[in-house]
1. Expressed as a whole number of Å, what is the distance separating the alpha-carbon centroids of segment 50-84 and segment 442-463?
2. Would you work out if segment 395-446 is rounded, prolate or oblate? Take a ≥ b ≥ c from the square roots of the eigenvalues of the alpha-carbon gyration tensor; rounded if a/c is under 1.5, else prolate when a/b is larger than b/c, oblate otherwise.
3. How do 398, 630, 525, 45 rank when sorted from fewest to most other Cβ atoms within 10 Å of their own Cβ?
4. Expressed in nm to one decimal, what extension gain is obtained for the pair residue 764 and residue 41 from 0.36 nm per residue of sequence separation less their Cα-Cα distance?
5. With each label point set 7 Å from Cα along the Cα-Cβ vector, what nm distance links residue 378 and residue 601?
6. Given the Cα-Cα distance of residue 150 and residue 362 and 0.36 nm per residue of separation, how much length would full extension add, in nm?
7. Could you sort the peptides 179-188, 691-700 by per-residue average Cβ neighbour count (10 Å cutoff), highest mean leading?
8. Based on alpha-carbon centroids, what's the gap between segment 815-829 and segment 624-699 in Å, whole number please?
């Protein structure tokens, strides 16, 4: 037992010792690596120091050779020229070469050998100059060196260095000496450039040229003509004798007559799709019977290997074809305009507005755009290449306001390297802003969108005259504009089913709303679509007052606006009850049932337009948010749709609940990335150009689509409205008006908002003063209200709780004061919209 107890500690000690020995090994490795890194740094610094000193020496010798001087400077200059002669400048260049090697730490055997070869070449050149200036060797070799020194001092000959070798060669005679020195120079040059010569010879051996009599001579024809007449080409180039010996037997089942690609052939290219020309696709060809052997081979689609695609020569006119295609305007087929007004079926008493109410689009020739596209394409590729990003342009799409250049990066290039160069690209192209879409959906390319120098206006008429708009079956089909390729873009509100529009002032938000409203007026009769418009600003939508499509006049009072939304919720619930009684699921099914039963009246679709959501959120935030959320969640099947616009896309206006229930969004130009994320949940809207430039993100699409919105002037809106008013007057629904007034009165009595509830019975009379105190101080706490208003702790604490419940201050944060959620300007706007608070403030002022 004693021995066992003694052995155990020894084993443990061995383990500890083993573990202890492992650590010094790791430490010694790390210290060795550190010493090695330190030694490398020391050597690098020493090499840089020696290189700089050698460069200064070369500069000093150069100045000594060309700058005239006196006394000692002149003697040293004469000695330098006498020894090296005219070739002194070549010797100085050799010093610069070695200085660069030292500085870059490339002093290795190949570089040293190359430097010695250059020195021998300079020596041979000095000897050649000496031989050309002397016929034979003089009386003595020493005397000849003195003559060479004198000639070199005057800048003639190769100096003493050239004479030392030249005199030896002159013993053969002048002509043999010249031939000898020239041959030696050629040998030295061959050795100097031998790596490149060897590589060239190896390339010639691996790819031998066919005999001259077997080369295929092409007829000199235009490229277009050769493309239109495809020919059968030779699948493989002629093989040399060595390659025939090394050739492996073909695998079983391989048909050599099937042309895999055009490698090694100079025949005209067949008619290939653009994907093959630019190396972004697969090739499918069908071969007929061969004209050489008469054997018939069935054509089969063959996939081109990636290695073969890289070797296929791209036609030189590829970029020109892309630019020519992009510069050509997109042809939009317009419908024939009938002289009689357009009348929809089952609407004999109502005629839809004619196209003459809208202005015709201006036709602008786009032939001169090709130079702009070509210059931008070359600058774009060169700019990316200067940053080490190799790309090639595969397509160009020119839109009304923006041109998208589609680039395919080379293998191994990360997409974020291109995305991070947006500002540098804008600088080099002198563009106001560049937006990068990486990657383009359903394409293996990166899109770089650059603003056009000349923007083309998109009018509403050129969109509603196209079959894309006219052939739509939905009554709620609205015109948006043209996408980045110039194609017509429309949207169906019934499929969205709700839309959120946000953008700063001047971005085109009101014009976008007017385009949607007029599109509906061109599509539907008053009995098919009803409109409910809410315009707190009182100037944007008031022009539509009097048209028969309106349920009620345009609502401009914020209190009545909340009541109108409350009526919409009630109408939605009534419709669902009606659907349940008739065993149908939605409005479409109910209207089909009405066609079978004449006693039932079909239901129209209801579209609610809200021009400024922020005003409503300040007036009655709780009621407006609740109504919008309930409508967004349930109103689609009831045939009711929301179109909400705001110019303040902040989180207190577009709340998370509203965003979650409105999937389709349009972002116009905004001021910051934060606003863009609030609308689209991604950046990009801050780089838009304004004036209708928008990002459209409908439901079901992962990335937004850039669209240039159509323009609609006020005179065009007035013309359409006057035409509609001329044939039918507005017939407002009194029951709807009474219901809206009742809802507004109920909400006012209930006091849902912060500004509305301050005059309620349950609120503290000191609440307005408490709000003024916290808004002025931009902080809230119980002690602050006790000190400023001279209140007790319990009453001040109740006031703080009431402020929190009304959304004026934030939650409890421990020892820190509470945050104030509204600014002084917002508080003043709330007071201006409220009828109770000014009276309370007046009473307080009179008491003081």
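1. Each part reduced to its Cα centre gives a spacing of 65 Å.
2. On the way: a/c = 2.22, a/b = 1.20, b/c = 1.85.
In terms of gyration-tensor shape, oblate.
3. Numbers: 398 26, 630 17, 525 20, 45 10.
Neighbour counts put them in this order, fewest first: 45, 630, 525, 398.
4. Details: separation 723, 0.36 × 723 = 260.28 nm, distance 7.62 nm.
Value of the extension gain: 252.7 nm.
5. 7.0
6. Roughly 67.8 nm would be gained on extension.
7. Ranking, from highest mean packing down: 691-700, 179-188.
8. 25
Read-outs throughout are calculated quantities, based only on the coordinates presented, and are distinct from any laboratory measurement. Please read these numbers as outputs of a predicted model, since none were measured by experiment. Glycine gets a Cβ as well: all are built from the backbone with ideal geometry, and neighbour counts include every protein chain shown.
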